[in-house]
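Peer 1: Structure incoming, see below.
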Amino acid sequence: MDNVLQKIEQMRLVPVVTIQRIEDADEMLGALVAGGLPVAEICFRTDCAEEAIKLAVKKYPDMLVGAGTVINKEQCERAIKAGAKFIVSPGLSEEVAEVCKEKDVPYLPGIVTPTEIMKALSLGLTNLKFFPAGNFGGLKTIKALSAAFPQVRFMPTGGVSLENMNEYLSFPKIFACGGSWMMKGTGKEIEEKTRAAVAAAKGE
């Protein structure tokens, strides 16, 4: 479990990938790998998400593949069975947390309030997704929450872009940023945007 979180922290960025058609999966995922960012949070809200995770795990064995938008126990079990190495939710689900604990898979639940953070801590969760970051005060709010909860680390998602990601990443309590901005366009465009994001995260 720690190994997966370390990989996410090393890469600093987690592309949020929504695959509407399985025929598009290979091009989209291949573009991320070619762009130097072999990690994907595949949203579990489309009909082909499960199949896309299986494809990613099989075709790109070195890629860190997770499932996003997981909102219940059944989805979580299916995603992990398909090969997801980490689970992300838009909110906090106790039943998803239980499945992840049982399967020893990292769970990054979405939070925005002190009450939700306290709930996450009661479940033993300290690496949390701050979502939607742009709508809830962004870095300013994360800094305020960090003062009250120094044991928590955040992955802001929602409203993160190439222009503002380094502002987030410069804060020590942020271990990675999630975003979908690099996933727009053709495979070539995705590759180029990914390469630019990787270079920016490295300060190049």
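Peer 1: Out of curiosity, is PRO61 under 23 Å from LYS103 (Cβ atoms) and under 17 Å from the mean Cα position of the chain (by Cα)?
Peer 2: No, not satisfied.
Peer 1: Also, I was wondering about something else. Please list, ordered by first then second residue, the pairs with beta carbon atoms under 6 Å, 6 or more apart or interchain, first in region 171-189 and over 15 Å from ILE8 (Cα atoms), second assigned to a loop (DSSP other than H, G, I, E, B) and at pLDDT 95 or above.
Peer 2: Qualifying pairs under 6 Å: TRP181/SER161.
Peer 1: On the basis of being under 30 Å from LEU139 (Cα atoms) and at pLDDT 95 or above, does ALA52 make the cut?
Peer 2: no
Peer 1: Pairs, please: C-beta under 8 Å, at least 6 apart or cross-chain, first residue acidic (Asp, Glu) and in region 1-22, second open to solvent by less than 70 Å² (accessible area, probe 1.4 Å)?
Peer 2: Qualifying pairs under 8 Å: GLU9/PHE175; GLU9/ALA176.
Peer 1: Which residue pairs have Cβ atoms under 8 Å apart, sit 6 or more places apart or on different chains, and have a first residue in region 153-165 that is farther than 15 Å from GLU41 by Cα and a second that is assigned to a loop (DSSP other than H, G, I, E, B)?
Peer 2: ARG153/THR126; ARG153/LYS173; ARG153/PHE175; PHE154/LYS173; PHE154/PHE175; GLY159/PRO132
Peer 1: Any residue in region 125-141 that is of a type outside the set (Val, Ile, Thr) sitting within a Cβ distance under 6 Å of a residue that is assigned to a loop (DSSP other than H, G, I, E, B) and surrounded by fewer than 18 Cβ atoms within 10 Å (Cβ to Cβ)? List the pairs, counting only those 6 or more apart or interchain.
Peer 2: From residues that are of a type outside the set (Val, Ile, Thr), the pairs are ALA133/GLY159; GLY134/GLY159.
The values are calculated or read from the model by the stated rules, or taken from the named source; none is laboratory data. Note that the coordinates shown come from a computational prediction; the quantities given were computed from them, not determined experimentally. Counting neighbours? That spans all protein chains shown, and the Cβs are built from the backbone with ideal geometry, glycine included. Protein only, heavy atoms only, side chains kept; ligands, DNA and RNA dropped before computing areas. Shrake-Rupley method; radii C 1.70, N 1.55, O 1.52, S 1.80 Å.
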